[in-house]
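Structure, as structure tokens:
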Amino acid sequence: MNRFFDILRNLLFPPKCACCRTLIPVVEEKYGGGLCLCRECRGLWNRAKEENCPTCLCPSHTCLCTEDKGSLKNMKIPKLLTYNPNVNNTQNKMIFSLKKVNDKRIPEFIASELSVSMGRYFKDNFILPDECVYTFVPRSRRAKGEFGFDQGQRLSREVARICEGKFEALFVRLGGREQKRLDSDMRARNISRSLRLKRNAEEKIKGRKIVVIDDLVTTGATLDGAVKLLKRAKAAEVYVACVARTGENKR
């Protein structure tokens, strides 16, 4: 049934490459692009995943670099890409599309890729993916109203489906400013004031293993605020993963 709907969707809404926005021939599905990237951009995507993390120098999609402060201190963070907002590369275009292009094929593809990186970490640490609860930090009401969707919700829901875990929307944003316009200290204050757990969310958190999925980690303030709330609600374990983390690439 899902296959039928996929075919129908592709016929009614021909897929466009998330990077270059060219139409993708449906026959190219066989090469594994997920009808999200054209053949050329898929090659650039694969190369981007192999670019070195500027901190540990491992390929970005195997990097598990930690933060050095707050609730994220020493917490390993699986990711796919190293992101530099000043460079118009594959990483930049994919994050832009994930946030601003209303096409569910994009989070579906990225979630499938991120699940592989997470799977390696889970396997090495004896974590069973299907025992985890997967969640996200909601985007601001202004951004959701502007673009009509929440990319974090779509991404974490799809990761939960792939990992055969449970998806839960545990957080709510109450006011606050857009994080991208703030510096590190202001981001931390802003998220602490605006991010809250949903009513009765504690019942879904206590004693459970929670995985927070984020699209882009810049200062870590958003994830830090989310992890603090989950730990206060007595989650058994809290893990985080992201599509990309900022940093100047050395390659």
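Can you report the number of residues in the stretch 119-128 which are in a helix (DSSP H, G or I) and either over 16 Å from the mean Cα position of the chain (by Cα) or under 20 Å from L174 (Cβ atoms) (or both)? Summing the residues that are in a helix (DSSP H, G or I) and either over 16 Å from the mean Cα position of the chain (by Cα) or under 20 Å from L174 (Cβ atoms) (or both) in the stretch 119-128 gives 4. Can you pull out the residues in the stretch 38-62 that are free of Cβ contacts under 8 Å to residues at least 40 places away in the same chain and among the hydrophobic types (A, V, I, L, M, F, W, C)? Matches in the stretch 38-62: C38, C56, C58. Filtering the stretch 1-60 to residues that are closer than 15 Å to E113 by Cα, at pLDDT 90 or above and assigned to a loop (DSSP other than H, G, I, E, B) leaves A18, L37.
Taking the conditions exactly as written (more than 25 Å from L81 (Cα to Cα) and either without any contact (Cβ under 8 Å) to a residue 24 or more places away in the chain or crowded, with 19+ Cβ neighbours inside 10 Å (or both)), does R193 satisfy them or not? So R193 fits the description; yes.
Do you know which of the residues in the stretch 91-105 that are in a helix (DSSP H, G or I) and either more than 25 Å from N52 (Cβ to Cβ) or of a type in the set (K, R) (or both) is nearest to the chain's Cα centre (by Cα)?
As a first pass, look at the stretch 91-105 and keep what is in a helix (DSSP H, G or I): 91-100, 105.
Checking which are either more than 25 Å from N52 (Cβ to Cβ) or of a type in the set (K, R) (or both) leaves us with 93, 99-100, 105.
Working: K93: 15, K99: 10, K100: 14, R105: 14 Å.
Taking the candidates together, the pick is K99.
Go through the residues of the stretch 74-84 one by one and say whether even a single one is of a type in the set (F, W, Y) and in contact (Cβ under 8 Å) with a residue 24 or more places away in the chain. Yes - at least one qualifying residue is present in the stretch 74-84. If only residues of the stretch 137-150 that are closer than 21 Å to A201 by Cβ and assigned to a helix (DSSP H, G or I) are counted, the one that is modelled with the highest pLDDT is K144.
For the stretch 131-163, how many residues are of a type in the set (F, W, Y) and closer than 16 Å to N102 by Cβ?
Step one: filter the stretch 131-163 for residues of a type in the set (F, W, Y), giving 134, 136, 147, 149.
Then drop every residue that is not closer than 16 Å to N102 by Cβ, which leaves 147, 149.
Counting residues in the stretch 131-163 that are of a type in the set (F, W, Y) and closer than 16 Å to N102 by Cβ gives 2.
Scanning the stretch 46-56 for residues that are surrounded by fewer than 16 Cβ atoms within 10 Å (Cβ to Cβ) and either in contact with a Ser or Thr (Cβ under 6 Å, 6 or more places away or on another chain) or closer than 29 Å to K228 by Cα (or both) yields a count of 2.
The values are calculated or read from the model by the stated rules, or taken from the named source; none is laboratory data. Bear in mind the structure is a predicted one, so any value in this text is a computation, not a measurement. Cβ atoms come from the backbone with ideal geometry, glycine included; neighbour counts cover every protein chain shown.
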